[in-house]
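Each remark here refers to the structure printed beneath this line.
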Amino acid sequence: MYRCASNEKRLAAAMLMYADRHHDHLPPAENWSDAIALYIADSRAFVCPEARAELSGYAFNRALSGERIQEIPDPGRTIMLFEGNLGWNGSGTATSLPDVPRHFGQDVFAFADGHVKVYHRGEAQGSTWNPE
């Protein structure tokens, strides 16, 4: 779980670096992994230790596709990245989480402000998937 949280933290930082260089816009959902790859020194950051068969074990919150960071009402509560089985450039919604949490009943989330949090499945109260 700790490596996964570290990976999501690095991916979240890369997303924010991308936004910084693109007038505060997050990448488009359809190619987010490609868009941030140049900001990731080690491509293993895309691989969840519990989903090694996947090229990428993480997904992007589709609702944030191309959004401006400054226009997200509460980036500290808005989920940006999450664990998923959608592959490289995978994006989705809360329904896209793996059927079974990968880490002892827990899911790892990265938020639009860059912080990462681990929750038991269904306990991400106060978090939002929709930036509006």
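Key figures
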read-out: The range 3-132: C-alpha gyration tensor shape, a/c 1.5 cut-off, then a/b vs b/c; value: oblate
read-out: Peptide ranges 78-85, 106-113, 28-35 listed from the most packed, as the mean C-beta count within 10 angstrom indicates; value: 78-85, 106-113, 28-35
read-out: Rounded accessible area per residue of the chain, 1.4 Å, Å²; value: 50 Å²
read-out: Student exercise, the chain dipole from Lys, Arg, Asp, Glu Cβ charges, in Debye to nearest 20; value: 340 debye
read-out: Protein accessible area in the chain, 1.4 Å probe - carbon and sulfur %; value: 50 percent
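The values are calculated or read from the model by the stated rules, or taken from the named source; none is laboratory data. What you see is a predicted model; the values in this text were computed from it and never measured. Cβ: placed from backbone, ideal geometry, glycine included. Neighbour counts: every protein chain shown. Protein only, heavy atoms only, side chains kept; ligands, DNA and RNA dropped before computing areas. Shrake-Rupley method; radii C 1.70, N 1.55, O 1.52, S 1.80 Å.
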